[in-house]
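Student: Please find one structure pasted underneath; my questions will follow.
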Amino acid sequence: MKAGKLPRAYPTAGFAALLFVIAAMWYGASSQNSAAIYVLLFLLASVFLVSIPHTLINLSGIALRVESAKPTFAGDDVSLPVEIMNSSRATRYGIEVVLPNAGKIRPRLDCIPRESAARLTLRFPARQRGEHRMQTLGLTSCYPLGFVRASRRFVSNQTYLVYPKPAGNP
């Protein structure tokens with residue numbers, strides 16, 4: 001599956017809380033003229049800045065392979081097997097698989113060991129009958145601190161079939 005060049009980084013809700021804490025610390029340090037509070041302020045800000053490249057690196061060396069989905073009936077769930085391969089020499093943590101147009105379905109892999117793969121099955125409702133194409137899948141990660149979310153998109157050519165719902169009582 002073809003991936004985008006670089007992961008993108010977005011702030012999370014935790015980032016807003018961090019900004020509030022940094023602003024409160026700055027106000028306290030400047031009004032009290034306290035060097036110790038300034039040290040804590042700059043330490044917290046530097047830990048945040050160092051966490052940004054670590055969040056982006058957590059998605060590097062990751063490849064995604066979508067296997068074929070079995071046909072299903074309208075109203076049932078489509079089961080889409082996905083394999084996430086880690087080709088790097090470092091373990092990857094906290095990776096979520098995002099399926100566009102499927103609501104808030106985000107299966108999470110807590111750990112992918114170095115130079116190995118992890119499998120999971122995406123389940124989402126089949127609303128309309130017909131042949132549907134999986135356009136893109138995304139991987140996101142907030143590891144290590146959760147202030148920044150890195151996301152990477154993968155283009156897929158996978159299709160799945162949804163048959164009409166059977167009439168009558170089963």
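Student: Please find, within region 145-170, the residue that is nearest to LEU80 (Cα to Cα) out of those that are open to solvent by 40 Å² or more (accessible area, probe 1.4 Å), of a type outside the set (Ser, Thr, Tyr) and assigned to a strand (DSSP E or B).
Tutor: Once the filter is applied, the top-ranked residue is LEU161.
Student: Inspect all residues belonging to region 112-130 and state whether any of them is acidic (Asp, Glu), part of a strand (DSSP E or B) and open to solvent by 30 Å² or more (accessible area, probe 1.4 Å).
Tutor: First, pick out the residues of region 112-130 that are acidic (Asp, Glu): 115.
From the residues that got through so far, the ones that are part of a strand (DSSP E or B) too are none.
There is no residue in region 112-130 that is acidic (Asp, Glu), part of a strand (DSSP E or B) and open to solvent by 30 Å² or more (accessible area, probe 1.4 Å).
Student: Now a separate question. Would you please list the contacts, defined by Cβ atoms under 8 Å and residues six or more apart or on different chains, that run from a residue in region 26-50 that is touching a residue at least 40 places away in the same chain (Cβ under 8 Å) to a residue that is open to solvent by less than 70 Å² (accessible area, probe 1.4 Å)?
Tutor: PHE48/LEU18; PHE48/PHE147
Student: Which count do you get for residues in region 68-111 that are open to solvent by 30 Å² or more (accessible area, probe 1.4 Å) and small (Gly, Ala, Ser)?
Tutor: Going through region 68-111 one residue at a time, the tally reaches 6.
Student: Turning to a different aspect of this structure: Any chance you could count how many residues in region 72-110 are hydrophobic (A, V, I, L, M, F, W, C) and outside any loop (DSSP other than H, G, I, E, B)?
Tutor: Here is the first cut: in region 72-110, the residues hydrophobic (A, V, I, L, M, F, W, C) are 73-74, 78, 80, 82, 84-85, 90, 95, 97-99, 102, 105, 109.
Checking which are outside any loop (DSSP other than H, G, I, E, B) leaves us with 73, 78, 80, 82, 84-85, 95, 97-98, 109.
Qualifying residue count for the region: 10.
Student: Please work out which residue is farthest from PRO144 (Cα to Cα), limiting yourself to region 45-67 and to residues that are touching a strand residue (DSSP E or B) at 6+ places or on another chain (Cβ under 8 Å) and open to solvent by 20 Å² or more (accessible area, probe 1.4 Å). Let's see the steps before the verdict.
Tutor: Within region 45-67, the first condition is being touching a strand residue (DSSP E or B) at 6+ places or on another chain (Cβ under 8 Å), and the residues that meet it are 51-52, 55-56, 58-59, 61-67.
When the remaining residues are screened for being open to solvent by 20 Å² or more (accessible area, probe 1.4 Å), the result is 52, 56, 61, 63, 65-67.
Numbers: ILE52: 9, LEU56: 10, GLY61: 17, ALA63: 20, ARG65: 25, VAL66: 27, GLU67: 30 Å.
Once the filter is applied, the top-ranked residue is GLU67.
Student: Only one of these is among the aromatic types (Phe, Trp, Tyr) and closer than 30 Å to TYR163 by Cα: PHE73, PHE20, PHE42. Name it. Explain how you work it out, then say what you get.
Tutor: Details: PHE20 fails: closer than 30 Å to TYR163 by Cα; PHE42 fails: closer than 30 Å to TYR163 by Cα.
On inspection, the qualifying residue turns out to be PHE73.
Student: Something else now. Would you tally the residues in region 131-143 being open to solvent by 60 Å² or more (accessible area, probe 1.4 Å) and outside any strand (DSSP E or B)? Steps first, please.
Tutor: Keep residues of region 131-143 that are open to solvent by 60 Å² or more (accessible area, probe 1.4 Å), which gives 131, 133, 135, 143.
From the residues that got through so far, the ones that are outside any strand (DSSP E or B) too are 135, 143.
Adding up the residues that qualify gives 2.
Student: Within region 140-170, restricting attention to residues that are in contact with a strand residue (DSSP E or B) (Cβ under 8 Å, 6 or more places away or on another chain) and among the aliphatic types (A, V, I, L, M), which residue is modelled with the lowest pLDDT? Walk me through how you get there before you give the answer.
Tutor: Step one: filter region 140-170 for residues in contact with a strand residue (DSSP E or B) (Cβ under 8 Å, 6 or more places away or on another chain), giving 140-144, 147-166.
Restricting the remaining residues to those that are among the aliphatic types (A, V, I, L, M) gives 148, 150, 155, 161-162.
Details: VAL148: 94, ALA150: 94, VAL155: 88, LEU161: 92, VAL162: 92.
Step by step, filter region 140-170, then rank; the result is VAL155.
The values are calculated or read from the model by the stated rules, or taken from the named source; none is laboratory data. Source: prediction; values computed, not measured. Heads up, the Cβs are rebuilt from the backbone with ideal geometry, glycines too, and the neighbour counts pull from every protein chain shown. Please note that ligands, DNA and RNA were not included when accessible areas were found on the heavy atoms of the full protein model with its side chains. Shrake-Rupley method; radii C 1.70, N 1.55, O 1.52, S 1.80 Å.
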